[in-house]
Amino acid sequence: MFTFRKNHEATQNMNPHLKKIQQLTCLILIFTSILTTVYYLPTASAQMTIITVDPGSAKVGTQVSLTANLTTQNGTYALYFDTQLVANGTAANGYAVTNFTVPDAAQGTHNLVITDLTTQDNATKTFTVTTDYSISTTGPQTIREGDTVPILLNMTGGEARSTNPANVTVQTPTGTSYTKTVNITLSSSGNGTTTLNYPSDFTTDANTTFIGTYATFFNTTYATNTFTVALTDATQYHRNQTVNIKAIYEPDENVTLTITGNTISNIVNLTDPTGTINYNWTVPATAAIGTYLVNIISTSGFTTKTPPDAQNFTVPGFPINFTTKNLAGEPVPYITIKATEGTKAAGETITSSTGTAALQLEIGNFTCTAYYNTVNIVSQQTITVNDTTSTDLPCNLTNLRIQVTSQVNGAEMKIPETGILLQQDNSTYTTDINGTAIIHSLLPNTPYGLNLTRYGASFNITTIPNLLLNNTPVGWYDVKINCPTINLQITVTKTNGQTFSNAAVTAQELLGAPRYQGTTDANGVVTFNSIFGRYQIQIFDNNKIKLNETTIDLFQNQNVSVPCDLYGLTISVAVLDYFGQGIANINVKLQGGGQPLMTAKTQGDGTATFNNVIGGTLEVTLYTTDSSDPLVAQTYSVQDSTTLQLKIGKYVVLAGMLVEASQLVTIIIIILAVLLVLALEIYRRIHAKAVKGETESTDKES
C-alpha cells in the first residue's frame, strides 16, 4: 500500500511535465501535417481581375488604358467592348497592359471583358460612355464676303435612336448673332450628324458681308468653333499669279479699291449692279517680296463697314538653298552670299558651319556672288527661280596640305603632333598620325606664312608665295617640310661617378616618333642623331633591369649626363647570434631593386658580401643550411654601399656550434639543478655524520 501511494504521488508530480511534452508533440504533429498538406496541394491560380481602367468614363474616340492579370503567365488575351474586339496581345509576367479607343457606342454603361485565350478564363468591368458634341465648317479653304458656309453638327455617345434638337448660333465680327434650330437623329450606336448652310438657312438678315472671324456655337456651350471671311482667295501669291478679290456692297454702289506695298500702288474705281465686287489683279513680275494691303471703301457713302474691308496678303518668294564649295568640292562655312536682280539687291546671307544658307527669292533671274573676308570668290553665277530649289556655288578657294617628315636611319619618317601656326590669322593646326595637316579653303593668290613647332619650340618658318600650280588655282596644294635632326650625346655613370660601360640606353620621342637604342662605350658614352623633340631616356643593365630614366628637350645639340647612383653597390650582411657573435654558414638571399635573386653564405665572422648590387628597397632573408624555412626576413632602403646587421636572437654560437638559446637555458638550468641536488646531498651526509657523533658521545658519558 505504501509503495502504490508513493508511485502514484510520483506520477502525479510528473504530470505537469508530461502534459507539456504531450502538448508540444501534438503541436509539432499538427504543424507537420499542415505543411505536408499545403506542399502537396496543386498550385492555385489567382482569379482574373481587371485591375485598372483609366479613365473609367469617356467620350467616343478617347484612348483608354487597361491593366488586368491573366491566368496564364505569358499567355495571349483578347479585350472586348461589349462584343466588339478592341485590343489583343500577350501578357508579361501574368499581366496584360493595353490601350484601346472607345468605339461608337450609345451613352451609358458598357462591359469591358478580357479573356485568357489559353484557359478561356475572363474578367469583366463596366465602362461609361458620355455624350460628345462638335461643330465645324466645311467647304472652300478660303471663305470670302458673300460666300455660303456649310456648318456640320456632330454627336457621339448619345441616347440610341433618339432625336435631339440643337440650336446653332453664328456671331459675326460686328457682334450680331443669328440662331437656327435643327434636329439631330442618332443611330443605334448613339451618333449622328446634320449640316446647315450659313447664312441661307438662317434669318434673311444673316450675312457674310464683313471680313473677320465668325464664331459658331452648338447649344451655346456644348461646342464652339470659328471660321474667317476674307477679301482675297488666298493669303500668299507669287509673281504673275492672280489675286481674286471679292466684296459685298449695295447694288450700283461706287467703291475705290487700292493695292499698296513695296513701291506698288494700284487704285481702281468699281461698281456692280448686284453689289458684288469682283476684281482680279496680277502680281507684277517685278514685285518685291513682302506684305501688300487690299483696301476697299465706298465712295457713294451707302455702306460703312466696321470692321473695314482692309486685308493683307504676302508675296513670300521661294527658299533657295545654297551650298558654297571650294575647288576640292568641300563645303565652305561663313561665306557671304549676295543676290541681285538686275541692278537691285535681292538678298544677302552667310553660310553656316556646314557651308549652307538660304535666301528667299521670287520668280525671276538672279546673279549670285560670294565673298570670303571681303574678297570676291564667286564673280557671277546666274540662277533662274521658279520654285524652291538648291544650288552649289563653286568658290575660288584651295586646300593646303602640309606634310612634315624627317630622315631617320636613311628612311623617311612622318612626324605627328607638329604644331602649325598660320600667321595670317593666328589659327593653329596639328599634324595627324601620318604627319599631315590640312588647312581648308584658302585664297590661292595670297602668300601664307607657316611657323612649325614641337612642344612649343619653333623649328621651321616657311613662306609660301601662292597656292597656284602653273599659275592656276587647284583643289589641293601640297607642301612638304623637313623636321631637323640634332646630335644627342648621353653619358652614363655608376655610383660615385664611376664610368658605366656596356649600359643599354634608349631614347624614346614622347609623341611617338622614333625610338633610338645603343650601348655605352668604355667611357660610358652613347650618341644618337635624333629628330627635334622631347625624349624619355632610360638606362638598363645587362639583365635588362631599368636603372634610371629622365626626360629632356632636344631643341639643340645636347650633352646629357644620366647618373645611376644605385648601381654597383657593395652590400655586406652581418648575421649575429643572441650575444652579438657572428654566425657562420648561414645562407643569405638578397633580392629587390629590380635585380635577380642573389645568394651567399656567411663566413667565419658571420658576414656575407654582395657586389654590383642595385640599391633601393632590398629584402634580406636568412636560412640554415639544412632548412628551407627562413630564420629572419627584413627589408632595408639602401642608397649606397653599407653593412646590414641581422640578429638571430633565438640562437647562440657555442663551441662553433649553433644552439638555440632556449635549449642552452634548459641545459644550464638542468646543470644548476644537479649541482643543487649534489650540494644538498653532501650537506645532508655531513649533517647526519655530525649528529651521529654527538649521539655516540652522549651514550658514552651515560
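Points worth noting:
- Filter result for the condition that a residue is assigned to a strand (DSSP E or B) and among the polar types (S, T, N, Q), over THR119, THR72, THR124: THR124
Listed here are the residues, each with its yes/no results for (1) at positive phi; (2) of a type in the set (S, T, N, Q); (3) assigned to a loop (DSSP other than H, G, I, E, B); (4) in contact with a strand residue (DSSP E or B) (Cβ under 6 Å, 6 or more places away or on another chain).
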residue	(1), (2), (3), (4)
ALA358	no, no, no, yes
PHE366	no, no, no, yes
TYR371	no, no, no, yes
SER379	no, yes, no, no
ARG401	no, no, no, yes
THR405	no, yes, no, yes
PRO416	no, no, yes, no
ASP432	no, no, yes, no
ASN445	no, yes, yes, no
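- Every residue from segment 519-570 that is among the charged types (D, E, K, R) and farther than 13 Å from ASN502 by Cα: ARG534, LYS546, GLU549, ASP553, ASP565
- Scope segment 259-301; condition without any contact (Cβ under 8 Å) to a residue 40 or more places away in the chain, in a strand (DSSP E or B), more than 26 Å from GLN360 (Cβ to Cβ) and not hydrophobic (A, V, I, L, M, F, W, C); matching residues: ASN269, ASN278, TYR279
- Matching residues, segment 317-347, being over 35 Å from the mean Cα position of the chain (by Cα) and not in a strand (DSSP E or B): GLY317, LEU327, GLY342, THR343
- Filtering TYR77, TYR95 for residues that are surrounded by fewer than 18 Cβ atoms within 10 Å (Cβ to Cβ), over 16 Å from THR130 (Cβ atoms) and aromatic (Phe, Trp, Tyr) leaves a single hit, TYR95.
- Of all residues in segment 43-87, those that are closer than 13 Å to HIS110 by Cβ and among the acidic types (Asp, Glu) total 1.
- Of the residues making up segment 302-316, those that are part of a loop (DSSP other than H, G, I, E, B) and surrounded by fewer than 18 Cβ atoms within 10 Å (Cβ to Cβ) are PHE302, THR303, THR304, THR306, PRO307, PRO308, PRO316.
- In this structure, TYR237 does satisfy being modelled with pLDDT of 95 or more and either surrounded by fewer than 18 Cβ atoms within 10 Å (Cβ to Cβ) or closer than 30 Å to GLN360 by Cα (or both).
- The sole residue among ASN262, ASN280 that is at pLDDT below 95 and not assigned by TED's automatic domain parsing to the domain that holds THR354 is ASN262.
- Test: residue in segment 405-421 that is under 22 Å from ASN376 (Cα atoms) and either free of Cβ contacts under 8 Å to residues at least 12 places away in the same chain or crowded, with 17+ Cβ neighbours inside 10 Å (or both): no
- Scanning segment 132-169 for residues being more than 55 Å from the chain's Cα centre (by Cα), surrounded by fewer than 17 Cβ atoms within 10 Å (Cβ to Cβ) and among the β-branched types (Val, Ile, Thr) gives a total of 2.
- Filtered residues of segment 205-220 (kept if closer than 24 Å to PRO308 by Cα and either modelled with pLDDT under 95 or not β-branched (Val, Ile, Thr) (or both)): ASP205, ALA206, ASN207, PHE210, GLY212, TYR214, ALA215
- Residue count for segment 114-125, restricted to those that are without any contact (Cβ under 8 Å) to a residue 40 or more places away in the chain and either surrounded by fewer than 16 Cβ atoms within 10 Å (Cβ to Cβ) or under 30 Å from ASN219 (Cβ atoms) (or both): 1.
- Within segment 455-476, the set of residues being within 15 Å of LEU422 (Cα to Cα) and either touching a residue at least 40 places away in the same chain (Cβ under 8 Å) or in the same structural domain as PHE532 (by TED's automatic domain parsing) (or both) comprises PHE459, ILE464, LEU467.
- Top-ranked residue of segment 551-593 - restricted to ones that are within 26 Å of LYS647 (Cβ to Cβ) and of a type in the set (Gly, Ala, Ser), ranked as surrounded by the fewest Cβ atoms within 10 Å (Cβ to Cβ): GLY580
- In segment 610-631, the residue that is surrounded by the most Cβ atoms within 10 Å (Cβ to Cβ) out of those that are farther than 20 Å from ASP565 by Cβ and in contact (Cβ under 8 Å) with a residue 24 or more places away in the chain is VAL620.
- Residue identified as within 30 Å of ILE289 (Cβ to Cβ) and touching a Phe, Trp or Tyr at 6+ places or on another chain (Cβ under 6 Å) among ILE383, ILE420, ILE377: ILE383
The values are calculated or read from the model by the stated rules, or taken from the named source; none is laboratory data. Just so it is clear, the structure is predicted and the values come from calculations on it, not from any experiment. Glycine gets a Cβ as well: all are built from the backbone with ideal geometry, and neighbour counts include every protein chain shown.
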